[in-house]
Amino acid sequence: METPLANLGSKKLIKKHEFVRVIIQCLYSLGYRKSAVSLESESGISYKSDEFETLESCIRDANWDACIETLNRLNGLTNETRASALFLVLKQWFLEYLNLGEDSLALEILQKKMSGLEVGKDKVHTLAFGLLSLKDLGLDKEDPDGIYNFRKKLLTELEKVLPPPITVPDRRLEYLVEMAVWSQIDKCVFHNSVDAVTLYEDHQCDASQFPSKTIQILSNHVNEVWYVQFSNNGSYLASSSSDNTAIIWKVLDDGKLTQRHELRSHQKPVSFVAWSPDDTMLLTCGNIEVLKLWDVETGTCKHTYGDADFIISSCAWFPDSKRFVCGSSDPEKGIYMWDSEGNEIKSWKGTRMPKVLDLAITPDGEKLISIFSDKDIRILNVGTGGERVISEEHPITSLSLSGDGKFFIVNLNSQEIHMWDIAGEWLSPKKFEGHKQHKYVIRSCFGGLDSTFITSGSEDSKVYIWNRRGSKPIKILCGHSMTVNCVSWNPKRPQMLASASDDQTIRIWGPDVRSK
């Protein structure tokens, strides 16, 4: 047993022998063989354990009986691990007999030595078929290095199967350092950069790379701006307003936005927009308006869906950019699925489908999530028809999905945002609070690097940002003079955020370089 002096670190938690051993392994894996050999010589510590060196010697000399005896003598192995290691060795023995043309001896390995191992029968059957063709097992008699390469592969596989301290897990030092770095990132509430993290100092981001300053005000709308959404490629922003228009904005290379198209065809306020996944088309609709499909490149209206009696509240695309669904706040209409050519494909309506307030499609196209009856969330499997319903205690005003499609958030008029997992593993939601919401439709979204953050508008004219790990806001952005209705985080520029307000403006937020 090592003495306390053999332990390293201020807390004496690191065993010196193990630390040196993983350093040696790291040097070998990085290609610094001479340095690794030198460190083994100077420290008297070998990267490979005595047990593994014995196995290596037996395999190199094709002494299979001794190899099996060594494995059977190893202490601390579970029955499953021992069986897996023995199978690998017997497999090599079997292959080498086949390579020598000793089919009867190879068959004997299968029948007498492998039959008692607790391994999958499919593995043994695969080897049995190898009696018919060596190439099916990856071995070629015409390859002079075939057996040598197979023995090297056997050693690599044994290193993965056998536990420490007999072996050291592959790239162990890199893994430990990466976990230490990740732990620091995980604790950093403002982490929002794709840049590699330095090892020279502890990681802690300040707010300098976080959207916290207004870098541009867009004032082309002439009435309240109700909705904003960046395109999937981050190159465009779409906005809609109670002035009956929607606008497509181009994001320039310098981070500024300029108007690309003004979409004038609606006769009433436009409250919702949705980009097709390939960003070539845009849907627009309003609470008392028809649904329109626009060509993003030309800014022309390609199709109008429904009529004045068809009240559409929201819409969402399937990942193929050919189909989409729209929900109606009219209980008799429910949800419709259309294609981009104007053909109705399917509908969900009736007493089980009351008015739909908002909806979304998961990125894989498998789940349709909808808000209905004010307080209920329905997650429908589009393929199987299976569904799950989540009931909230307070009315829900909006819904938003995370970029990976694993989570969604809903805004409640109780001044809370709830985050749920789509898989249904959570019994209760994660809750976020601090913003103001009593009577208006306020929309929130995921955003930033890896959708780490949640941001929301608010009735107090501010934008609130939370790190998903905490319930309190980490940043509150001031600038608007009236209710902030909607926010959108650029999916390709984690430092760019847009907000839409009743003050008739859109604010683009970026890093405050002066805070560095």
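Numbers for the structure displayed
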item	result
Between the range 189-253 and the range 360-379, the Cα center-to-center distance that results, in Å	26
The range 347-398: Rg to Rh, with Rh as the Kirkwood radius over Cα pairs	0.95
Cβ crowding within 10 Å averaged over residues, with 60-72, 412-424 ranked highest first	412-424, 60-72
Degrees separating the helix 79-99 axis from the principal Cα axis of the chain, which is the longest one	70
Set of lysines near LYS11 by C-alpha distance (under 29 Å), chain-local residues within fewer than 8 positions excluded	LYS48, LYS187
Cα-centred dipole magnitude for the chain, charges only on beta-carbon of K, R (+1) and D, E (-1), debye, nearest 20	1100
Cut-off under 5 Å, modelled amide H: who pairs with ARG260 long-range	ILE248, TRP249, LYS250
Computed over the range 172-312, Cα set: Rg, Dmax in Å	20.8, 65
List MET281, MET482, ordered by accessible area with a 1.4 Å probe, largest first	MET482, MET281
Cysteines without a disulfide-compatible neighbour (Cβ-Cβ under 4.7 Å), the chain	CYS26, CYS188, CYS205, CYS285, CYS301, CYS445, CYS478, CYS486
Solvent-accessible surface (1.4 angstrom probe) belonging to SER488, in square angstrom, nearest 10	10
DSSP-assigned coil residues among GluC sites (Glu not before Pro) in the range 176-234, each with at most 12 further Cβ atoms within 10 Å	GLU201
Angle in degrees between helix 50-60 and the longest Cα principal axis of the chain, rounded to the nearest 10	80
Portion, in percent, of the accessible area of the range 402-496 that falls on carbon or sulfur, probe 1.4 Å	48
Contact order relative to length of the chain, as percent, for alpha carbon pairs under 8 angstrom and 6 or more apart	10
Straight-distance crosslink candidates among aspartates and glutamates, where the alpha carbon sits under 20 Å from LYS367 and sequence neighbours closer than 8 are dropped	ASP278, ASP320, ASP339, GLU344, ASP358, ASP376, GLU387, GLU392, ASP404, ASP421, GLU425
Listed residue pairs exceeding 23 Å between alpha carbons, taken from LYS250/LYS492; LYS12/LYS160; LYS349/LYS430; LYS213/LYS256; LYS302/LYS346	LYS12/LYS160; LYS349/LYS430
MET179 versus SER10: modelled label distance in nm, points set 7 Å from Cα along the beta carbon direction	2.1
Per-peptide average of other Cβ atoms within 10 Å, ordering 498-504, 225-231, 151-157, 30-36 highest first	225-231, 498-504, 151-157, 30-36
Förster radius 60 Å - calculated FRET efficiency between SER104 and ASN233, Cβ distance, rounded to 0.05	0.40
Degrees between helix 33-43 axis and first principal axis of the chain (Cα, 0 to 90, nearest 10)	70
List GLU102, GLU393, GLU56, ordered by accessible area with a 1.4 Å probe, largest first	GLU393, GLU102, GLU56
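The values are calculated or read from the model by the stated rules, or taken from the named source; none is laboratory data. As the structure is a computational prediction, the values presented were derived from the model and not from experiment. Quick reminder, even Gly has a Cβ in these numbers, built from the backbone with ideal geometry, and neighbours come from all protein chains shown. The protein model used for the area step is the full one, side chains on, heavy atoms only, and it has no ligands, DNA or RNA in it. Shrake-Rupley method; radii C 1.70, N 1.55, O 1.52, S 1.80 Å.
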